[in-house]
Amino acid sequence: MTISELVGGAVVSMAPTDTVRQAAELMKEAGVGSVAVELDEALEGILTERDVLNAVADFADLDRELISKWMTALPDTFGPEMSVEDAADWMLATGYRHLPVVDDTGTVLGMVSIKDVLWAVTDPSAV
């Protein structure tokens with residue numbers, strides 16, 4: 001199984017100039033733990049629930065702080081043909097909990113979470 005099989009639906013993305021609060025609200029509404037941060041349809045970064053937690057813990061003004069300050073800029077990206085097993089190995093080795101999946105043109109296809117990978121590894125029929 002490849003990670004392309006785990007990517008579904010619309011990509012949840014925001015601009016680097018959006019605020020941390022806007023990102024938190026969108027993640028809650030969409031039921032996701034990360035957003036792709038895009039500028040002119042190019043991936044600039046990834047903002048995760050952990051980044052939002054760090055902003056809160058550092059007493060950031062969530063209504064004024066921009067995503068660009070808290071995101072991981074230019075994250076590692078992964079092609080849709082990566083195997084789920086390789087994704088699991090990568091996540092274990094790096095501590096990543098979200099993997100941006102992009103095609104050959106750099107278009108973001110989606111985000112794969114550790115939860116997606118665990119489901120695919122432990123119960124492939126559930127995916």
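The values are calculated or read from the model by the stated rules, or taken from the named source; none is laboratory data. As the structure is a computational prediction, the values presented were derived from the model and not from experiment. Note that each Cβ is placed from the backbone with ideal geometry, even for glycine, and that neighbours are counted across all protein chains shown.
Data overview
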| read-out | value |
| --- | --- |
| Pairs where the first residue, in region 72-86, is farther than 17 Å from E5 by Cβ and the second is assigned to a helix (DSSP H, G or I) and hydroxyl-bearing (S, T, Y), C-beta under 8 Å, 6+ apart | D76/T94 |
| Count of region 48-72 residues which are of a type in the set (D, E) and more than 19 Å from the chain's Cα centre (by Cα) | 4 |
| Near pairs, Cβ below 9 angstrom, 6+ apart or cross-chain, from region 1-18 (touching a residue at least 40 places away in the same chain (Cβ under 8 Å)) to any residue that is among the aromatic types (F, W, Y) | I3/F78; L6/W119 |
| Single unsatisfied condition, L66 versus (1) within 11 Å of A23 (Cα to Cα); (2) surrounded by fewer than 14 Cβ atoms within 10 Å (Cβ to Cβ) | (2) |
| Residue in region 32-49 that is in a loop (DSSP other than H, G, I, E, B), of a type in the set (D, E, K, R) and modelled with pLDDT under 95 present | yes |
| Options V121, V84; residue that is over 13 Å from the mean Cα position of the chain (by Cα), buried (at least 16 other Cβ atoms within 10 Å of the Cβ), over 20 Å from S13 (Cβ atoms) and among the β-branched types (V, I, T) | V84 |
| Residue check, A55 among the small types (G, A, S), assigned to a helix (DSSP H, G or I) and touching a residue at least 40 places away in the same chain (Cβ under 8 Å) | no |
| Top-ranked residue in region 87-105 [being without any contact (Cβ under 8 Å) to a residue 12 or more places away in the chain and more than 15 Å from the chain's Cα centre (by Cα); ranked as surrounded by the fewest Cβ atoms within 10 Å (Cβ to Cβ)] | T105 |
| Positions within region 46-71 being out of contact with any helix residue (DSSP H, G or I) (no Cβ under 7 Å at 6 or more places or on another chain) and at negative phi, in sequence order | I46, T48, R50, L53, V56, A57, D58, D61, R64, L66, S68, K69 |
